[in-house]
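Remarks on the structure that follows.
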Number of protein chains: 2
Amino acid sequence: MKIVEMRVTPIAIADPPLLNVAGLHAPYALRNVIELVSEDGIVGAAEAHGGERLRSALEEAKADVIGRSAWDLARLAEVIEQRFTAAPREALRVSGAIEVAALDLVGKAIGVPVAELLGGRVRDEVPFSAYLFYKLAGGGGEGDDQREDRYGEALDPAGMVRQAQAFIADYGFESIKLKGGVFPPDQEIAAIRALHEALGPGTPLRIDPNGGWTTETSIRVGRDLNGILEYLEDPTNTMAGMSATRGALLADGNAMPLATNMVVTAFDHIHEAVLTDAVQVILADHHYWGGLRAITQLGRLAQTHGIGLSMHSNSHLGLSLLAMVHVAAATPHLTYASDTHYPWQDASDEIIEGGRVPIVDGKIAVPTCPGLGANLDQDALARGRERYDRCPYRERDDRTPMRERVDPNWEFKLARW
Amino acid sequence: MKIVEMRVTPIAIADPPLLNVAGLHAPYALRNVIELVSEDGIVGAAEAHGGERLRSALEEAKADVIGRSAWDLARLAEVIEQRFTAAPREALRVSGAIEVAALDLVGKAIGVPVAELLGGRVRDEVPFSAYLFYKLAGGGGEGDDQREDRYGEALDPAGMVRQAQAFIADYGFESIKLKGGVFPPDQEIAAIRALHEALGPGTPLRIDPNGGWTTETSIRVGRDLNGILEYLEDPTNTMAGMSATRGALLADGNAMPLATNMVVTAFDHIHEAVLTDAVQVILADHHYWGGLRAITQLGRLAQTHGIGLSMHSNSHLGLSLLAMVHVAAATPHLTYASDTHYPWQDASDEIIEGGRVPIVDGKIAVPTCPGLGANLDQDALARGRERYDRCPYRERDDRTPMRERVDPNWEFKLARW
């Protein structure tokens, strides 16, 4: 199953003004879409992070991909690692994206869903969590391309409860995550308490300040929200700080798990995390761990150490979502509903035929059709490319919109509180 | 790719009188051969451990296999785990064997080698180690079925050097493992020193007394053979003993790795091994770790913790050997030449068409043809079955032949020295 062509298409997708520790989401999020074409004309596709740097790396990797069998993925990962020795994380983003597209291609060629190629599904639907954000009023996009805003402003506990209720009404989510690190911790604690009161104790809640707190604050919040949070995600941004937070909470008899996609983002972070008990839940992300098989391996690793597993997300479309669904289906040890930004994206930006992937009762059905279970809509892809070409930025940058729309003197700072 | 039939055939294969900590190999080793037949008549096959207990478990598992897609392996493993909740290790032997046969079946059906199904090969040939044994004179089998003995008696250092030289002449092995735990440690140290002298410092040597030593003896041998052994395998039989041995050697500045297939034999042993630094090399065995995908996951796990990886073996034929070769090809982090008993088996017992898998320069070429790369020879399989039916024993038992041929009062004892 020889690959004879590889296409990389940068696209921009409308993104609402969502606040986080790094600032404010710009009106467009960027993605790169990879297509692999086999000698018999079958196309496999995948989504990767956006931006010119990754795009250029993907273009460079074409030399390693063209002429290779779509099955020959472990060696491809090695070759790409060697090509980008100075940037091993970049190499994983490149080989991971190509792996997903290759698995989609192989699955389509032999008539088998990607979950089966990964070892077979253990579940037929995959639970996702609502992903709440502090948010300015207004939808994504700008100028003539400004989008409708379904969810409105959310800058206080009442606004966050409204957002949660709207998400639950629209998608049936049964777990709720709040992206924090935006306001002083007491305001965010108040939002979590308001969600807890409004939604009831049966709804698992999480907060993720993206390392916005000191260890001291992390411990304080962990104590304050004991019994309310399902897990506390990346309260602080160092392995030592996470370990110290864990130790202090455990000393209180508070076993609240600490989750991360910041201090453990690659296999070589795990050994220290295990030795120091810094992390009790890993948020996997095939986009930077090296692809879907890497996530099934991470699942086994987490299970081996009694570490929980969930999935991390960035702004993304249906191809990334389907890849997450297939790998979740093939990973027995997925212990939590996964994150997804998907509801924040606009249906009109979707690039797969048939439109958006449905989320019903907070879950997505694992496709039973070949590959990832979707084909690229080339017209929609071309529109995404046009948006990209019109878009003034070439890498994600949350600081500039934050300065333009919220505070001209705003500075990025981890452990701000 | 629905499985419509599953056949389990117990066979016996001639085995020479090899000594080990558990006694003496009987004249025949037992194996179970699994065949899965798809609705379109394609057959996938695998070898499993022998004996009636596993045979009966495999027979029982047919109810979970028949009617299932050969891709549906993760769920099958779960179902089998549930069927054998009282015997989780047995469950892994059953699901692992069926997984290998299913991958052979799938590979044959779609024209792809098993290594590709596991993620793709990173090597085209797989290195194996010579597996030396203290040995009585004579070949395997008995009565009219007594086989020729290529290697003769080996009960002292000179005999062991002769055996090593014969193995190297026949197969080109570049690494040498001595199965110890048979004689007092000083005799086995002398054998290792004789091998070191005869073969030169360029030949990696290992000794495996199968937990035959106390911690004190393990430390003593580790000190004595520092700089001579590539690794020391299972000197003692507890996690604490291994950890203490490691600690004592490290305190000397002696970083000789300790290897195991006794204290870490399942994923749930790894956490403690990591925390206590008890093990620096894991000898993987798909027959009891749960199949080939489990070994690729174990490879990632070992790599993550800086633990080396090799492969363990029991008396086996070509199907098991080919399964080892495919998974080794697809496991980047295979850091040592693997064990194999294969040279001890008799060519006339091989059950794959075309006869024995060649070992050249100590390596086996990774097949590029579909599945495992071999078809069962049904006549040879039937002869193996006839030997099994004539054979008086139904489980492996090294004690009885030890008492009959060596010492009527012999008792099994771990940490004998």
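Please state which one of B:HIS312, B:HIS286 is touching a residue at least 12 places away in the same chain (Cβ under 8 Å), within 11 Å of the chain's Cα centre (by Cα) and more than 22 Å from B:PHE133 (Cβ to Cβ). Break it down stepwise before answering.
On the way: B:HIS312 fails: more than 22 Å from B:PHE133 (Cβ to Cβ).
Result of the check over B:HIS312, B:HIS286: B:HIS286.
Out of the residues in region B:104-138 meeting the condition of being in contact with a strand residue (DSSP E or B) (Cβ under 7 Å, 6 or more places away or on another chain) and among the small types (Gly, Ala, Ser), tell me which one is farthest from the other protein chains (Cβ to nearest Cβ).
So, considering only residues that are in contact with a strand residue (DSSP E or B) (Cβ under 7 Å, 6 or more places away or on another chain) and among the small types (Gly, Ala, Ser), the one farthest from the other protein chains (Cβ to nearest Cβ) is B:ALA130.
Name every residue in region B:152-162 that is buried (at least 22 other Cβ atoms within 10 Å of the Cβ) and either not in a helix (DSSP H, G or I) or not hydrophobic (A, V, I, L, M, F, W, C) (or both), in order of residue number. Show your work before the answer.
Going through region B:152-162, the residues buried (at least 22 other Cβ atoms within 10 Å of the Cβ) turn out to be B:154, B:160.
Hit for region B:152-162 is B:ALA154, nothing else.
Go through region B:96-107 and count every residue that is of a type outside the set (Val, Ile, Thr) and over 13 Å from B:MET6 (Cα atoms).
From region B:96-107, those of a type outside the set (Val, Ile, Thr) are B:96-97, B:99, B:101-105, B:107; that's our starting set.
If we keep only those that are over 13 Å from B:MET6 (Cα atoms) too, we end up with B:96, B:103-104, B:107.
Selection size over region B:96-107: 4.
Only one of B:ALA294, B:ALA273, B:ALA328 is assigned to a helix (DSSP H, G or I), under 18 Å from B:SER175 (Cα atoms) and within 13 Å of another protein chain (Cβ to nearest Cβ); which? Outline the logic, then answer.
Details: B:ALA294 fails: under 18 Å from B:SER175 (Cα atoms); B:ALA273 fails: under 18 Å from B:SER175 (Cα atoms).
Exactly one residue qualifies, and that residue is B:ALA328.
Please go through (1) open to solvent by 80 Å² or more (accessible area, probe 1.4 Å); (2) in contact with a Leu (Cβ under 8 Å, 6 or more places away or on another chain) for A:ARG390 and return the number of the only condition it doesn't satisfy.
Against the list (1) open to solvent by 80 Å² or more (accessible area, probe 1.4 Å); (2) in contact with a Leu (Cβ under 8 Å, 6 or more places away or on another chain), A:ARG390 comes up short only on (2).
Please specify each residue of region B:347-363 satisfying the condition of being surrounded by fewer than 19 Cβ atoms within 10 Å (Cβ to Cβ) and at negative phi.
Taking region B:347-363 and keeping what is surrounded by fewer than 19 Cβ atoms within 10 Å (Cβ to Cβ), we get B:347-348, B:353-356, B:358, B:360-361.
Within region B:347-363, B:ALA347, B:SER348, B:GLU353, B:ARG356, B:PRO358, B:VAL360 qualify.
Based on what the data block shows, is B:GLY318 under 28 Å from B:ALA166 (Cα atoms), in the same structural domain as B:PRO17 (by TED's automatic domain parsing) and buried (at least 19 other Cβ atoms within 10 Å of the Cβ)?
For B:GLY318, the condition - under 28 Å from B:ALA166 (Cα atoms), in the same structural domain as B:PRO17 (by TED's automatic domain parsing) and buried (at least 19 other Cβ atoms within 10 Å of the Cβ) - is not met.
Just to be sure, is A:ARG31 modelled with pLDDT of 95 or more and either open to solvent by 20 Å² or more (accessible area, probe 1.4 Å) or farther than 30 Å from A:PHE133 by Cα (or both)?
Values: modelled with pLDDT of 95 or more: yes; either open to solvent by 20 Å² or more (accessible area, probe 1.4 Å) or farther than 30 Å from A:PHE133 by Cα (or both): no.
Against the criterion (modelled with pLDDT of 95 or more and either open to solvent by 20 Å² or more (accessible area, probe 1.4 Å) or farther than 30 Å from A:PHE133 by Cα (or both)), A:ARG31 does not qualify.
Which residue, of A:ALA101, A:ALA74, is modelled with pLDDT of 95 or more and away from every other protein chain (no Cβ under 13 Å)? Spell out the reasoning first.
Details: A:ALA74 fails: away from every other protein chain (no Cβ under 13 Å).
Within the list A:ALA101, A:ALA74, the selection yields A:ALA101.
The rows are residues; the columns are (1) assigned to a helix (DSSP H, G or I); (2) over 20 Å from the mean Cα position of the chain (by Cα).
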residue	(1), (2)
B:VAL100	yes, no
B:GLY141	no, yes
B:LEU178	no, no
B:VAL182	no, no
B:ILE192	yes, yes
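Which of the residues spanning region B:72-92 are acidic (Asp, Glu) and either out of contact with any helix residue (DSSP H, G or I) (no Cβ under 6 Å at 6 or more places or on another chain) or closer than 20 Å to B:ILE3 by Cα (or both)?
To start, the set of residues in region B:72-92 that are acidic (Asp, Glu) comprises B:72, B:78, B:81, B:90.
Once the filter is applied, which keeps residues that are acidic (Asp, Glu) and either out of contact with any helix residue (DSSP H, G or I) (no Cβ under 6 Å at 6 or more places or on another chain) or closer than 20 Å to B:ILE3 by Cα (or both), region B:72-92 yields B:ASP72, B:GLU78, B:GLU81.
Within region B:391-400, does at least one residue satisfy the condition of being outside any helix (DSSP H, G or I), modelled with pLDDT of 95 or more and touching a His at 6+ places or on another chain (Cβ under 7 Å)?
Within region B:391-400 (the criterion being outside any helix (DSSP H, G or I), modelled with pLDDT of 95 or more and touching a His at 6+ places or on another chain (Cβ under 7 Å)), the answer is yes, since at least one residue qualifies.
Which condition number in (1) in contact with a Lys or Arg (Cβ under 8 Å, 6 or more places away or on another chain); (2) open to solvent by 40 Å² or more (accessible area, probe 1.4 Å); (3) more than 14 Å from chain B (Cβ to nearest Cβ) is the one that A:LEU229 fails?
Result: A:LEU229 fails condition (2) only.
Looking at region B:56-72, which of its residues are buried (at least 20 other Cβ atoms within 10 Å of the Cβ) and among the basic types (Lys, Arg)?
Here is the first cut: in region B:56-72, the ones buried (at least 20 other Cβ atoms within 10 Å of the Cβ) are B:57-58, B:61, B:64-65, B:68, B:70-72.
Answer for region B:56-72, where residues must be buried (at least 20 other Cβ atoms within 10 Å of the Cβ) and among the basic types (Lys, Arg): just B:ARG68.
Kindly establish whether A:TYR342 is under 20 Å from A:ARG396 (Cβ atoms), open to solvent by 10 Å² or more (accessible area, probe 1.4 Å) and touching a Ser or Thr at 6+ places or on another chain (Cβ under 8 Å).
Considered against the rule, which asks whether it is under 20 Å from A:ARG396 (Cβ atoms), open to solvent by 10 Å² or more (accessible area, probe 1.4 Å) and touching a Ser or Thr at 6+ places or on another chain (Cβ under 8 Å), A:TYR342 comes out as no.
Which residues, counting only those in region A:276-291, are part of a loop (DSSP other than H, G, I, E, B) and within 16 Å of A:LEU229 (Cα to Cα)?
Step one: list which residues in region A:276-291 are part of a loop (DSSP other than H, G, I, E, B), which gives A:277-280, A:285, A:290-291.
Result: A:VAL279, A:GLN280.
Name the residue, out of A:GLY306, A:GLY299, A:GLY290, that is at pLDDT 95 or above, at positive phi and buried (at least 22 other Cβ atoms within 10 Å of the Cβ).
A:GLY290
Determine which member of the set A:GLU148, A:GLU142 is open to solvent by 50 Å² or more (accessible area, probe 1.4 Å), in contact with a Gly (Cβ under 6 Å, 6 or more places away or on another chain) and farther than 30 Å from A:THR368 by Cβ.
Working: A:GLU142 fails: in contact with a Gly (Cβ under 6 Å, 6 or more places away or on another chain).
Sole residue among the options that is open to solvent by 50 Å² or more (accessible area, probe 1.4 Å), in contact with a Gly (Cβ under 6 Å, 6 or more places away or on another chain) and farther than 30 Å from A:THR368 by Cβ: A:GLU148.
Step by step: first the residues of region B:163-202, then only those that are within 24 Å of B:GLY23 (Cα to Cα) and β-branched (Val, Ile, Thr), then the one that is most open to solvent (accessible area, probe 1.4 Å). Which residue is that?
Step by step, filter region B:163-202, then rank; the result is B:VAL182.
Answer yes if at least one residue in region A:245-266 is within 14 Å of chain B (Cβ to nearest Cβ), surrounded by 24 or more Cβ atoms within 10 Å (Cβ to Cβ) and part of a helix (DSSP H, G or I), and no otherwise. Can you show your working first?
First, the residues of region A:245-266 that are within 14 Å of chain B (Cβ to nearest Cβ): A:264-266.
Next, from what is left, pick out any that are surrounded by 24 or more Cβ atoms within 10 Å (Cβ to Cβ): A:264.
Subsequent filtering for residues that are part of a helix (DSSP H, G or I) retains none.
Checking region A:245-266: not a single residue is within 14 Å of chain B (Cβ to nearest Cβ), surrounded by 24 or more Cβ atoms within 10 Å (Cβ to Cβ) and part of a helix (DSSP H, G or I).
Would you check if A:THR238 is surrounded by fewer than 23 Cβ atoms within 10 Å (Cβ to Cβ), modelled with pLDDT of 95 or more, over 25 Å from A:PRO201 (Cβ atoms) and within 14 Å of chain B (Cβ to nearest Cβ)?
On the way: surrounded by fewer than 23 Cβ atoms within 10 Å (Cβ to Cβ): yes; modelled with pLDDT of 95 or more: yes; over 25 Å from A:PRO201 (Cβ atoms): yes; within 14 Å of chain B (Cβ to nearest Cβ): no.
Judged against the criteria, A:THR238 is not a match.
For region B:203-220, give me the residue count where each residue is in contact (Cβ under 8 Å) with a residue 24 or more places away in the chain and either open to solvent by 10 Å² or more (accessible area, probe 1.4 Å) or not assigned by TED's automatic domain parsing to the domain that holds B:GLY253 (or both). Break it down into steps so the answer makes sense when it comes.
Restricting attention to region B:203-220, the residues satisfying the condition of being in contact (Cβ under 8 Å) with a residue 24 or more places away in the chain are B:203-215, B:217-220.
Checking the rest, the ones that are also either open to solvent by 10 Å² or more (accessible area, probe 1.4 Å) or not assigned by TED's automatic domain parsing to the domain that holds B:GLY253 (or both) come to B:203-204, B:210, B:214-215, B:217, B:219-220.
Going through region B:203-220 one residue at a time, the tally reaches 8.
Does B:THR276 satisfy the condition of being β-branched (Val, Ile, Thr) and open to solvent by 20 Å² or more (accessible area, probe 1.4 Å)?
Values: β-branched (Val, Ile, Thr): yes; open to solvent by 20 Å² or more (accessible area, probe 1.4 Å): yes.
Spelling it out, B:THR276 is indeed β-branched (Val, Ile, Thr) and open to solvent by 20 Å² or more (accessible area, probe 1.4 Å).
Determine if region A:306-322 includes at least one residue that is assigned to a helix (DSSP H, G or I) and within 11 Å of chain B (Cβ to nearest Cβ). Even if it seems obvious, please write down each step before you answer.
First, pick out the residues of region A:306-322 that are assigned to a helix (DSSP H, G or I): A:318-322.
Filter again for within 11 Å of chain B (Cβ to nearest Cβ), leaving none.
The answer is no, given that none of the residues of region A:306-322 is assigned to a helix (DSSP H, G or I) and within 11 Å of chain B (Cβ to nearest Cβ).
The values are calculated or read from the model by the stated rules, or taken from the named source; none is laboratory data. Keep in mind that what you see is a predicted model, and the values were worked out from it rather than measured. Cβ: placed from backbone, ideal geometry, glycine included. Neighbour counts: every protein chain shown. Accessible surface areas use protein heavy atoms only, side chains included; no ligands, DNA or RNA. Shrake-Rupley method; radii C 1.70, N 1.55, O 1.52, S 1.80 Å.
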